[in-house]
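The values are calculated or read from the model by the stated rules, or taken from the named source; none is laboratory data. From a predicted model like this one, the values you see are computed outputs, not experimental measurements. Methodologically, a virtual Cβ is constructed for each residue, glycine included, from the backbone with ideal geometry; neighbour enumeration extends over all protein chains shown.
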Amino acid sequence: MTSCPRWSAVSRVSLWLAVLVGGMGTPTYAQPARRATLAWDRASTEPDRIVLTWSGDPATTQSVTWRTDTTITAAKAQIVIAADGPRMEPDARTVDAATERLDTRTVPGAGEVVHYHSVTFAGLTPDTLYAYRVGDGARWTEWFQFRTASTRRKPFSFLYVGDAQNDILSLWSRVIREGFRRAPDARFIIHAGDLVNDGNADWQWGEWFRAGGFIHAMTASVPAAGNHEYRARSAQEAQANGSSLSVFWRPQFTLPSNGTSGLEESTYWFDYEGARIIVLDSNRDRARQVEWLRAVLANNPQPWTIVTFHHPVFSAARERDNKELRELWKPVFDEFGVDLVLQGHDHTYARGRMTATGPSVRNVGAGVNTRARGAGTVYVVSVSGGKMYDATPGGWERYQAQLERKAENTQLFQVVHVAGDTLRYEARTATGALYDAFHLIRTGTRNRFVERMPKGAPTRTMQSAPPYGRR
Ligand SMILES: [Fe+2]
Ligand SMILES: [Fe+2]
């Protein structure tokens, strides 16, 4: 369709409210109008929106989800240990998909009836390269390859990106693709919320999938829900000022169901080769997630602990403070010595850490907790899409924390490399330039922080690096 009946008044109002109110940090971005529907927005008999995730152990399982139109009722996937030669099919195992019908015709901004299919490959061999494809038994996609996690603590990398959200196809695409170029063997991608601007806008998810392309089908996504993934599912909910998790979230991401009850698949955790990755939902029931978070941290044998969610503990943009997160969650991060907290929401870049004071409990393996003075959790806010806010003036002194690197008007991706006792972090701009870096080195029960910020890379600000058109 070329007009936009799906683009309701509610969506327009909520969008401008988001721009005007959500972006109180002197918004420098105006969301473009909804574009016309394109051929690739529409579901067809061919699988599209193929995305790897985990719902189980990354060493022995791999989930994949994809979309078709409603004529595909018996979808399948095939998997085989990847071979050097081309004839993999005779050895492939065929697995029937679970098919879910998603009717969004009454959802503001959505509006189609489609099928989402998912398969969780199980019983896989750890640290092994597999090839898989999806289809209907007669027609198949190309073979995609992924590697299962090792059961040992081998070195690995992952990518982390802040809000994609705006200009997803035109501008986020280059960031995720540059990330893939810089870290082609990254095992997963943490998306710290606001993957799209309107969680129920099908066309925006279409752009997210098209921007990532085959990367989504080869590198597992680890999504956290942002406030833009919470939208009204009906006109009645919109009238009541309510919102719910995007209607697309659970059908299109097959995620662990080990989270807080009622927030399954927006809170979850998994272990990957010596790192425990914990995803929280900063949009809802923050107090109720504390008990679950404490339980996940108290029984954590992994040497590295990385937590991700959307709203920052230390805000990076003006007038967007999240005091409740400092009151509810930060004490738990301190107590259990969380190493790294990865966030989004503020459409700027900020990286800093707790001032190294006070005791913390570190988990040193085999479920043994040792009280030690932690080097302080490192907190990062980042942004990958096209919307940019002004940063908070000054630092984090009022929080007893140190803000050590920030940026405005800069699209970024982050590569985190975990190797034994060393975690290497780097933030790169959309052009691949190194903007920020540090190492965390575990020495006994504490981390040593090593600044690796590139020399000769000044802080990017709206003044020093203004948007085009403002120079
Ligand atoms: Fe947000
Ligand atoms: Fe955002």
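This table checks each residue for (1) surrounded by fewer than 24 Cβ atoms within 10 Å (Cβ to Cβ); (2) of a type in the set (Val, Ile, Thr).
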position: ARG288; (1), (2): yes, no
position: ALA298; (1), (2): yes, no
position: PRO303; (1), (2): yes, no
position: THR308; (1), (2): yes, yes
position: ALA317; (1), (2): no, no
position: ARG320; (1), (2): yes, no
position: GLU324; (1), (2): yes, no
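Take the conditions (1) in contact with a helix residue (DSSP H, G or I) (Cβ under 7 Å, 6 or more places away or on another chain); (2) small (Gly, Ala, Ser); (3) more than 16 Å from ligand 2 (Cβ to nearest atom); (4) closer than 16 Å to ASP167 by Cα; GLY213 misses just one of them, which is (1). In summary, strands (runs of 3 or more DSSP E) completely within segment 141-242 and bearing 2 or more residues that are more than 16 Å from ligand 1 (Cβ to nearest atom) and of a type in the set (Gly, Ala, Ser) occur at 220-224.
The numbered conditions (1) surrounded by fewer than 19 Cβ atoms within 10 Å (Cβ to Cβ); (2) at negative phi; (3) in a loop (DSSP other than H, G, I, E, B) are all true for GLY394 except (2). Of the listed requirements (1) of a type in the set (Phe, Trp, Tyr); (2) at pLDDT below 95; (3) within 18 Å of SER382 (Cα to Cα), PHE180 misses just one: (2).
Given the structure, is TRP203 over 25 Å from GLU265 (Cβ atoms) and away from ligand 2 (no atom under 16 Å from the Cβ)? I'd like the intermediate steps shown before the answer.
Numbers: over 25 Å from GLU265 (Cβ atoms): no; away from ligand 2 (no atom under 16 Å from the Cβ): yes.
It is false that TRP203 is over 25 Å from GLU265 (Cβ atoms) and away from ligand 2 (no atom under 16 Å from the Cβ).
May I ask you to say which residue of VAL107, VAL114 is surrounded by 17 or more Cβ atoms within 10 Å (Cβ to Cβ), in a strand (DSSP E or B) and either over 20 Å from the mean Cα position of the chain (by Cα) or at pLDDT below 95 (or both)? Break it down into steps so the answer makes sense when it comes.
Values: VAL107 fails: in a strand (DSSP E or B).
So the residue among VAL107, VAL114 that is surrounded by 17 or more Cβ atoms within 10 Å (Cβ to Cβ), in a strand (DSSP E or B) and either over 20 Å from the mean Cα position of the chain (by Cα) or at pLDDT below 95 (or both) is VAL114.
The numbered conditions (1) assigned to a helix (DSSP H, G or I); (2) surrounded by 19 or more Cβ atoms within 10 Å (Cβ to Cβ) are all true for ARG276 except (1). THR73 fulfils the conditions (1) in a loop (DSSP other than H, G, I, E, B); (2) surrounded by 12 or more Cβ atoms within 10 Å (Cβ to Cβ) except for a single criterion, (2).
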